[in-house]
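Here is the structure we will look at, set down as structure tokens.
The values are calculated or read from the model by the stated rules, or taken from the named source; none is laboratory data. Predicted model, so just to flag it, every value in this text is computed and none were measured. All Cβ positions, even for glycine, are placed from backbone atoms using ideal geometry, and neighbour counts span all protein chains on display. To get the accessible areas, we keep the full protein, side chains included, count just its heavy atoms, and leave off ligands, DNA and RNA. Shrake-Rupley method; radii C 1.70, N 1.55, O 1.52, S 1.80 Å.
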Amino acid sequence: MASERSTIFSLLISLLVLMLFNSLSRKCNAAAMKYELQDEVKALLKWKGSLLQSEALLHSWSLPTANGSPCNWTGITCNDNGKVKEINLSNSSLEGKLDSLSFSSLPNVVRLDLSINALSGNIPSQIGASSHLVFLDLSMNQLSGALPLSLSNLTHISVLNISDNILDNQEGNPLIDTHDYMTKVCTSTLSYSHYGNW
């Protein structure tokens, strides 16, 4: 009888410990997701702040948002976990640079379309931190400078369009010269309306 009570008591204690662990685990997961969402929101708002005349264009990009999530913002699509997976601001009259966009704070982005805008400056080397990108369209902007070697980190890319910019001649760029990376790209448009010798 005493051993039966001891066994039941042990089972109850084990069950309570398991329930406590499960509750703590859910809270930790929720806190981690909220932290990641905060990183995404901060990164997007920082970039918005760097753009010229962005308030009228991106008026939905503001706090507070539902659950701190940018999923209802113009041009933003989220995955089932509520994390940013697509940014589509094509033909949105954006003016500014990409330097202020923290690509490392947007680790789940698979599609980035910023084509047909007035973005200028270099393509930042930090873009290589977006290692899950499958689609990248920066065409028809005013981007200049050389292609960053970090583009070779985009190993999942299947569409890369950087045409109609004013990028420097790429002669001597190992990314282009070796073609090791570019042969992995299924669809790529690397022509330029200015300068380039392709």
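Here's the picture: a label point sits 7 Å out from the Cα of Asn79 along the beta-carbon direction, and within the range 110-136 the residues with their amide nitrogen under 19 Å of it are 110-113, 127-136. Extending 7 Å from the Cα toward the beta-carbon at both Asn72 and Ile8 defines two label points whose distance is 5.2 nm. Annotation for Glu86 and Ser120: the two label points, set 7 Å from Cα along the Cα-Cβ direction, are 3.1 nm apart. Once both labels are modelled 7 Å past Cα along the beta-carbon direction, what's the Asn108-Asp168 spacing in nm? Distance between the two pseudo-spin positions: 3.7 nm. Counting only protein heavy atoms and using a 1.4 Å probe, what share of the accessible area of the range 85-150 belongs to carbon plus sulfur, as a whole percent? With neighbouring chains kept in place, the figure for the range 85-150 is 47 percent.
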